[in-house]
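First up is the structure itself, then whatever we jot down about it.
The values are calculated or read from the model by the stated rules, or taken from the named source; none is laboratory data. None of these values were measured; they are calculated from a predicted model. As a convention, Cβ positions derive from the backbone with ideal geometry for all residues, glycine included, and neighbour counts pool all protein chains shown. Surface accessibility is based on the protein's heavy atoms, side chains included, excluding ligands, DNA and RNA. Shrake-Rupley method; radii C 1.70, N 1.55, O 1.52, S 1.80 Å.
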Amino acid sequence: LNMGMFDRNDEEVFGQEKIISCLPYILPLMDGDKFGRYIYMRFPPLHVLEQIFLGPLVRIDQAVPFFGFGLFLVLALGGRNPELSRSIRFNVQQAILIDIALIFPELIGSAMSKSTPMYLVEPCTNFVFYAYAAACGYSIFSNLTGKTPKGIPIISEAAERAVGPF
C-alpha cells in the first residue's frame, strides 16, 4: 500500500526543499549579525564576506521600518501551513526559535552600562555570535546535504514539538 507522504524518510530533505528549507535562517542571520562586530574588526576578510552575503539584507532591515518584525510574522504564521512539507515547517520553527533565543543576549547587552569593561563585553558578544552562527551554519549545511538539522540542543527539540508528528 503506497501512502504518498508517509513513505518518505522524515530525516531527509529532497529537491527544491533543500534551498527552501535554508531561507528561514535569513531572519536569525540578520538579527544576530550585530554580535559579530568585534570579530569583523579582528578579521576583516570575514567582514567582507558578511557585507557581500548579509549586507544587503541588513541594509533593507535598517531602511524599512519593522522589516524584521514583518519577516518574523510571515515565518511564524506561514510556518504553520499544513500544505508545506514537514521539513520546511521544522526549519521555519527552528529559525524562529534561534531568533527568539537572540532576544536574551540583546536584553542583557542593553541593560549593561557603557562603562562595562571591554574584556567582559567582547568575549560575551563573540560567544553569542559563534553560537548563533554555528546553529544557522549547521542548519543550512544539513539542509543542503539533504538531512534535517535536528542536532541543536533544546531548540531542535522545541521545533520538533511545534511542528508535531505530521
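Values computed for the structure shown
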| read-out | value |
| --- | --- |
| Test: residue in the range 89-112 that is over 14 Å from the mean Cα position of the chain (by Cα) and either farther than 21 Å from Gly32 by Cα or open to solvent by less than 30 Å² (accessible area, probe 1.4 Å) (or both) | no |
| Ile88 being out of contact with any Asp or Glu (no Cβ under 7 Å at 6 or more places or on another chain) and within 24 Å of Ala133 (Cβ to Cβ) | no |
| Arg89 vs. criteria among the charged types (D, E, K, R), in contact with a Lys or Arg (Cβ under 8 Å, 6 or more places away or on another chain) and modelled with pLDDT of 90 or more | yes |
| Residue match in the range 128-137 (condition: open to solvent by 50 Å² or more (accessible area, probe 1.4 Å) and at positive phi) | no |
| Some residue of the range 154-162 being within 13 Å of Pro28 (Cα to Cα), surrounded by 12 or more Cβ atoms within 10 Å (Cβ to Cβ) and of a type in the set (S, T, N, Q) | no |
| Close pairs (7 angstrom Cβ cut-off, 6 or more residues apart or separate chains): more than 11 Å from Asn91 (Cβ to Cβ) in the range 139-164, hydroxyl-bearing (Ser, Thr, Tyr) and open to solvent by 30 Å² or more (accessible area, probe 1.4 Å) anywhere | Gly151/Tyr138; Ile152/Tyr138 |
| Within the range 22-38, considering residues that are over 11 Å from Asp61 (Cβ atoms) and of a type outside the set (Phe, Trp, Tyr), the one most open to solvent (accessible area, probe 1.4 Å) | Arg37 |
